[in-house]
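The values are calculated or read from the model by the stated rules, or taken from the named source; none is laboratory data. What you see is a predicted model, and the numbers here were worked out from it, not measured in a lab. Counting neighbours? That spans all protein chains shown, and the Cβs are built from the backbone with ideal geometry, glycine included. For accessibility, only protein heavy atoms count, side chains too; no ligands or nucleic acids. Shrake-Rupley method; radii C 1.70, N 1.55, O 1.52, S 1.80 Å.
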Amino acid sequence: MCSFLVSGSCPPGTYKMSSRQQECFPCPANSKAEEEGSVLCVCEDDHFRTPLDPPSAPCTRPPSPPRDLVHTLKQSTLILEWAAPNDSGGRGDLTYSIGCRRCVGPPRAPQVQCEPCGASVGFVPQQSGLTERTVTVVNLLPNSNYSFSVEARNGVSELLPNKRFYTQVNMSTSLPEHSKGGNPIILSARMEPVTVK
């Protein structure tokens with residue numbers, strides 16, 4: 001903490017929420033107060049506070065993509081497992097959501113048409129809001145190509161809606177079962193903007 005100026009205002013880089021406060025507080029991590037007399041510190045680019053975060057909370061960002069996505073396929077059931085992101089964004093409320101798309105054409109084709117899997121495909125324990133790093137996908141169709149994504153999210157992900165941070169795997173139910181030590185699979189980790197319509 002630092003003493004406020006004689007005029008009662010705080011110097012740049014510090015803030016106080018009320019003139020009744022006798023001291024100025026340094027800006028929390030990833031925030032700034034460029035002007036004298038700031039009552040709060042604003043977040044730096046691509047960093048955010050949720051409406052429930054107090055002004056004294058550091059600004060945080062969405063997490064990086066999950067790592068090391070592997071899958072095991074047994075008939076119409078798929079098990080996905082992954083590791084936590086390298087960067088949680090500075091928050092402790094990390095969750096995961098699973099995306100599923102069924103694709104027409106060979107999995108390695110440059111132009112593949114995909115559509116959402118639909119309600120016939122089930123996710124155990126659930127498709128979104130996962131806290132564990134594994135999910136079981138049931139009722140996949142035989143001889144079909146699928147694309148699965150695992151997206152890492154935290155409390156500020158919704159504040160950056162045009163970017164998603166996910167790992168993706170493409171697979172086919174017509175191939176022999178795969179596991180971490182099995183045949184090569186198409187695996188890509190991507191951190192890219194996605195336009196949300």
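Side notes on the structure shown:
- Computed from the C-beta positions of Q126 and V42, the FRET efficiency with R₀ = 41 Å rounds to 0.70.
- For V39, the solvent-accessible surface computed with a 1.4 Å probe is close to 80 Å², ligands and nucleic acids excluded.
- In terms of accessible area, using a 1.4 Å probe and ignoring ligands and nucleic acids, M17, M171 rank largest first as M17, M171.
- Take the range 1-152 with all the other protein chains still there, run a 1.4 Å probe, and you get 57 Å² of accessible area per residue.
- Total formal charge among the other residues, if their Cβ is under 13 angstrom from that of T95, Lys/Arg +1 and Asp/Glu -1: -1
- This model, with +1 at the C-beta of Lys and Arg and -1 at the C-beta of Asp and Glu, gives the range 66-173 a dipole about its Cα centre of some 220 debye.
- Taking only the C-alpha atoms of the range 6-97, the Rg (one decimal) and the largest Cα-Cα distance, Dmax (whole number), read 20.3, 75 Å.
- Taking V124, V70 and ordering them by how much accessible surface each has at a 1.4 Å probe, largest first, produces V124, V70.
- Formal net charge of residues neighbouring N86 (Cβ-Cβ distance under 12 Å; K, R +1; D, E -1): -1
- Modelled label positions at T50 and Q75, each set 7 Å beyond Cα in the direction of Cβ, lie 4.1 nm from each other.
- Rounded to whole Hz, the Karplus (6.51, -1.76, 1.60) HN-Hα couplings of the range 133-147, x for glycine and proline: 9, 7, 8, 10, 10, 10, 6, 6, 7, x, 6, 10, 9, 10, 10
- In the range 52-154, the GluC sites (Glu not before Pro) that fall in loop regions by DSSP, at most 16 other Cβ within 10 Å: E132
- Summed residue charge, Cβ within 15 Å of T14's Cβ, Lys/Arg positive, Asp/Glu negative: -2
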